[in-house]
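S.K.: Could you have a look at this structure, given as structure tokens, before my questions?
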Amino acid sequence: MILIDGKKAATELRQELKQEVMQLKTQHNKVPGLTVILIGDMAPSQIYVKNKEKAAKEVGLKSEIIKFPDTIEENIVLKKIEELNEDVSVSGILVQLPLPKHIDKQKVIETISPLKDVDGFHPMNVGNLSSGYESSVPCTPLGCYLMIKKIEPNLSGKKAVIVGRSNLNGKPMAQLLLKENCTVTVTHSKTKDLKTECLEADIIVAAVGIPELVKGDWVKKDAIVIDVGINKTENGLVGDVAFDEVSKVAKALTPVPGGVGPMTIACLLKNTIDCFKRSQK
Ligand code: GUN
């Protein structure tokens, strides 16, 4: 069984991105910039945002965090985003989610210029991805996709089963694999026989938020299994895949932690650099 080392894959990708930033600096005499907006003081968001800033600086990007208290009015946030849309030194804008209840998430997402939307959440990017056009792609499914491609470069005709249909993971994951000519099934909480669906799969991506849902006897021999879940349980952090059981049948499997997580941040840096490159065309 191949234990997919997300940390190693992320380190390699960041190394490539660092080289690319150096080249861009020589070519354009400036570097891509990432601005993250953080509203409130939720501990997990604070940690994520700090990690994003650190990673951005390590590859040579310009990085800025704008902090607002959780009482901030929505229109102040929207105005700040509009300002950043106009700022040529800002290549990518990310508003850390979740937001306080009084702020309309969709309005925030739609205010970010689609050309600077490093999350790939703007409806224009969602539409472009589903139409097969160039777009920003949400970081987590992009990271999963790159890891799958490393294991299996030719995905044409493979059967992929995605567990979970979120806008963040399941749906963009389906689009990426469709583009690769996979036959894609998107399953969810109302799916009748999840086990039978999973047993058909050459590739399983579990992104549903149910601890250890995907069992060993749900997985075909030599399937590739990607575990997007991070669930806090009495036994510590576990994924959506029963790791010990599935590792006995799968060809390749991502661990939790150390699988998808590190690749997500590296892909945010990639998206920032890609937005910069498109803006220079
Ligand atoms: N909060 C948790 N994950 C994410 C993400 O991928 N993007 C944003 N903007 N917020 C998040």
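Read the figures in this text as sums done on the coordinates, not as results from a lab. Keep in mind that what you see is a predicted model, and the values were worked out from it rather than measured. All Cβ positions, glycine included, derive from the backbone under ideal geometry; neighbour counts span all protein chains shown.
S.K.: Give the percent of DSSP beta bridges with both residues in the chain that are antiparallel, rounded to the nearest 5.
M.R.: Of the beta bridges lying entirely in the chain, close to 10 percent run antiparallel.
S.K.: Extent of the stretch 186-247 along each principal axis, from alpha carbon coordinates, in Å, largest to smallest?
M.R.: Principal extents (Cα only, largest first): 31, 26, 16 Å.
S.K.: Which whole-number percent gives the relative contact order of the stretch 123-223, counting Cα pairs below 8 Å spaced six or more residues apart? Walk me through the numbers before you get to the answer.
M.R.: Numbers: 148 pairs, mean separation 26.7, N = 101.
This gives 26 percent for the stretch 123-223.
S.K.: What is the ratio of the Cα radius of gyration of the stretch 172-281 to 2.2 N^0.38 Å, with N the residue count, to two decimals?
M.R.: Details: Rg = 15.7 Å, N = 110, 2.2 N^0.38 = 13.1 Å.
Normalised Cα radius of gyration, the stretch 172-281: 1.20.
S.K.: Another question about this same structure. Sticking with the crude label model, points 7 Å out along Cα→Cβ, report the distance from Lys30 to Ile66 in nm, one decimal please.
M.R.: 1.7
S.K.: Of the beta bridges DSSP finds with both residues in the stretch 122-273, what % are antiparallel, to the nearest 5?
M.R.: Values: 3 of 19 bridges.
For the stretch 122-273, the DSSP antiparallel bridge percentage is about 15.
S.K.: Quick one: which residues, 5+ away or cross-chain, put their amide H under 5 Å from the amide H of Lys159? H built at 1.01 Å from N.
M.R.: Here the answer is Thr183, Asp202, Ile203, since their amide H atoms fall under 5 Å of that of Lys159.
S.K.: Rank-order 261-274, 157-170 by packing density, defined as the average count of other C-beta atoms within 10 Å over each peptide's residues, highest first.
M.R.: 261-274, 157-170
S.K.: Quick one: Karplus J couplings for the stretch 204-214, per residue in order, coefficients 6.51, -1.76, 1.60, θ = phi - 60°, nearest Hz, x for Gly and Pro?
M.R.: 10, 10, 9, 9, 10, x, 10, x, 6, 5, 7
S.K.: Give Lys7/Lys270; Lys149/Lys220; Lys7/Lys215; Lys67/Lys107 a once-over and call out the pairs whose C-alpha atoms are over 22 Å from each other. Don't skip to the answer; put the middle values down first.
M.R.: Working: Lys7/Lys270 16 Å; Lys149/Lys220 19 Å; Lys7/Lys215 24 Å; Lys67/Lys107 19 Å.
As for pairs spanning more than 22 Å Cα to Cα, those are Lys7/Lys215.
S.K.: Continuing with the same structure: Find the Cα radius of gyration of the chain, compare it with 2.2 N^0.38 Å by division, and give the number to two decimals.
M.R.: Details: Rg = 19.0 Å, N = 281, 2.2 N^0.38 = 18.7 Å.
Scaled against compact globular proteins, the figure is 1.01.
S.K.: Stick to the Cα atoms of the stretch 73-212, pair each with every other, and give me the Kirkwood hydrodynamic radius in Å at one decimal. Spell out each step's value before the answer.
M.R.: On the way: mean 1/r = 0.0605 Å⁻¹.
Its Kirkwood hydrodynamic radius stands at 16.5 Å.
S.K.: Find the relative contact order for the stretch 188-261 and round it to a whole percent, using C-alpha pairs within less than 8 Å whose residues are 6+ positions apart. Present the calculation step by step, with values, prior to reporting the outcome.
M.R.: Working: 156 pairs, mean separation 22.8, N = 74.
The value is 31 percent.
S.K.: Under the definition of Cα pairs under 8 Å and six or more residues apart, what whole-number percent is the relative contact order of the chain? Intermediate values should be presented prior to the final figure.
M.R.: Values: 551 pairs, mean separation 59.6, N = 281.
Dividing the mean separation by the residue count of the chain yields 21 percent.
S.K.: What is the packing order of peptides 116-124, 14-22, taking the mean over residues of other C-beta atoms within 10 Å and listing the highest first? Please list the in-between numbers first.
M.R.: Values: 116-124: 21.9, 14-22: 16.3.
My ranking of the peptides, most packed first, is 116-124, 14-22.
S.K.: To continue, here is another question. Order these peptides, 227-233, 105-111, 171-177, by their mean beta-carbon neighbour count within 10 angstrom, highest first.
M.R.: Working: 227-233: 18.9, 105-111: 16.0, 171-177: 23.4.
Result, highest mean Cβ count within 10 Å first: 171-177, 227-233, 105-111.
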